[in-house]
1. Quick check, is Asn439 among the polar types (S, T, N, Q), on the phi > 0 side of the Ramachandran plot and at pLDDT 95 or above?
2. Given the criteria within 16 Å of ligand 2 (Cβ to nearest atom), at pLDDT 95 or above, buried (at least 20 other Cβ atoms within 10 Å of the Cβ) and closer than 20 Å to His101 by Cα, does Gly149 qualify?
3. Quickly run through segment 226-271 and pick out the residues that are of a type in the set (A, V, I, L, M) and either touching a Cys at 6+ places or on another chain (Cβ under 9 Å) or within 12 Å of ligand 1 (Cβ to nearest atom) (or both).
4. Please determine whether any residue of segment 214-225 is within 14 Å of ligand 2 (Cβ to nearest atom) and surrounded by 20 or more Cβ atoms within 10 Å (Cβ to Cβ).
5. Quick one: which residue in Lys424, Lys398 is of a type in the set (D, E, K, R) and farther than 30 Å from Ala80 by Cβ?
6. Would you check which residues across segment 1-54 are in contact with a Leu (Cβ under 9 Å, 6 or more places away or on another chain), assigned to a loop (DSSP other than H, G, I, E, B) and within 16 Å of ligand 1 (Cβ to nearest atom) and list them?
7. Say whether the condition of being open to solvent by less than 60 Å² (accessible area, probe 1.4 Å), in a loop (DSSP other than H, G, I, E, B), touching a strand residue (DSSP E or B) at 6+ places or on another chain (Cβ under 7 Å) and not aromatic (Phe, Trp, Tyr) is met by at least one residue in segment 413-431.
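The values are calculated or read from the model by the stated rules, or taken from the named source; none is laboratory data. Just so it is clear, the structure is predicted and the values come from calculations on it, not from any experiment. Note that each Cβ is placed from the backbone with ideal geometry, even for glycine, and that neighbours are counted across all protein chains shown. For accessibility, only protein heavy atoms count, side chains too; no ligands or nucleic acids. Shrake-Rupley method; radii C 1.70, N 1.55, O 1.52, S 1.80 Å.
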Amino acid sequence: MFRVLVSDPISRDGLEPLLEAENIEIVQKNVAEEENLAQYDALFVRSATKVTEQLMNQMPNLKIIARAGVGVDNIDVDQATRKGIIVINAPDGNTISTAEHTFAMIASLVRHIPQANMSVKNREWKRSSFVGSELHGKMLGIVGLGRIGTELARRAKAFGMRVAVFDPFLTKERSEKIGVEKHDFEELLNQADIITVHTPLTKETKGLLNKETIGKTKKGVYLVNCARGGIIDEDALCTYLENGHVRGVALDVFEVEPPEHTRLLEFEQVIATPHLGASTKEAQLNVAYQVSKEVLLFIQGKQVTTSINLPAMSDEAYKKVAPYDTLAQKIGSFLSQYMNQPVQSITIEYEGTAAEIETAYVTKSMIASFLKQRMDININTVNAGVLARERGIQFIEKVSDQNSGYSNSMKVTIHGEQTTSEIKGTSIPHFGERIVSVNGFSIDFHPSGHLLYIQHTDVPGVIGNVGRILGNHSVNIATMQVGRKEKGGEAIMMLSFDRPLDQPILSALTELDEIVFVKAIEL
Ligand SMILES: NC(=O)C1=CN([C@@H]2O[C@H](COP(=O)(O)OP(=O)(O)OC[C@H]3O[C@@H](n4cnc5c(N)ncnc54)[C@H](O)[C@@H]3O)[C@@H](O)[C@H]2O)C=CC1
Ligand SMILES: O=C(O)CCC(=O)C(=O)O
């Protein structure tokens, strides 16, 4: 049974993909009211539930956190990543609703609709107090031209506005295609009549509009924040509202929500909504449906596509990656068992067609498989990189479209404290994965099951002696391959069996004079 806790109000209709599937239990209850948090595999939230490290510690079985919306600033993504928990969001389900809400806020702001509404309801008729401005011909400054910024730009243009944009990641081609003017931040501040922010809240965007930058805006500017509280500094807003530099402010979001203590709400020129950007039936259905489908993919062992902390990959891309993923896991596990010593760095080289896949994913998968042998915590592609770095293990990825004899290959080299080891493998369509070289010895075996690696001197009788000892212990050899670098030098044997070998057999083999090293490997 896969258990899902839905902590914030999320559209039940949107949960349909999960409700219709078998062996999934969905509980709609706030985390604060649930006593047995440990039983859940998935947690669904909007922006109200704060997914802290402490909460994650109370949910040791948590595998996936689904944010039914865009911003994940209420989730400690770094901690989730360390714990191997996938974080997904619904990147575009609420784009239109938020763009429409922002536009409604802008229109309300310049025509004083909320203030006029209050006045009429107070039985007043003060027409001259609410003279507004047209949007037509004015310049809208959009900070952050992502999904919402782009939809807003379209609507503003339909109203005859000029649209100026600041977004450090915006190309000239894209701005021309959308029909907006690309500016640097100072130019936008100097020229725009209305400025609206549509970035995520990050270290860079926190306080992006502050005492200094608001000071560079046109006198009488209108400011709008329907993205995240804190992108516009609230103290600075109060200062510029007080001195009249800022004519009006529209806020859907606040530094602290609900905004119980902010002075901002005392200003007549400030209009506010309680974080309603995504609050439409349509958006809520969309975001719940999007994350439910993703979680279902996860339960079915398929690739999720909207993860915040995994490389994004379509199903199509994963089909190409899957054979190399298996090979990488086998090599990682083999080397970890084989090299029983601290490790300093891991290099993974992709050649030929293996270089065309999403290598970052496969590298993480290999590292996860390597670390799993050594650590008793949940390790997967989400946290493998972080955990390796924390343990001082460097990992390096090299990609080359050349091939050295195989149409595709993957070579992993591990530098340990005492020795260095390497394994090269290939994936053969319809045949599976093969290891083709171990520490420079050419060989050819399928990396699976109960294996025995033997390093020995290349003299007559070794194979017979090994066979005799195994026979004496009633061990049946399933497959056997040998490899050597030169006649009479060092050589290796790779054997596979139907059952694991126990220690007395390994000790008996080690006692043979011509045997240098013996290692049982379970894959
Ligand atoms: N009020 C509400 O209910 C909602 C609020 N949001 C907020 O809106 C934000 C934007 O959403 P989307 O447009 O979907 O995100 P997006 O990821 O499509 O767009 C964000 C844009 O901001 C730009 N950006 C990042 N750092 C920047 C910086 N320092 N200066 C200027 N631009 C920068 C990025 O290049 C990107 O184009 C979300 O992060 C979320 O916090 C989203 C949905 C609903
Ligand atoms: O869940 C909500 O209503 C908040 C939406 C939001 O802020 C987001 O998607 O980033």
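1. Yes, satisfied.
2. Judged against the criteria, Gly149 is a match.
3. The answer is Ala227, Ile231, Ala250, Leu251, Val253, Leu264.
4. So far as segment 214-225 goes, yes, one or more of its residues are within 14 Å of ligand 2 (Cβ to nearest atom) and surrounded by 20 or more Cβ atoms within 10 Å (Cβ to Cβ).
5. Among Lys424, Lys398, only Lys424 is of a type in the set (D, E, K, R) and farther than 30 Å from Ala80 by Cβ.
6. Result: Ser11, Thr49.
7. no
Residue-wise test of (1) without any contact (Cβ under 8 Å) to a residue 24 or more places away in the chain; (2) in contact with a strand residue (DSSP E or B) (Cβ under 7 Å, 6 or more places away or on another chain).
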| position | (1), (2) |
| --- | --- |
| Gly405 | yes, no |
| Gly449 | no, yes |
| Leu452 | no, yes |
| Asp458 | no, yes |
| Val466 | no, yes |
| Ile469 | no, no |
| Pro500 | no, yes |
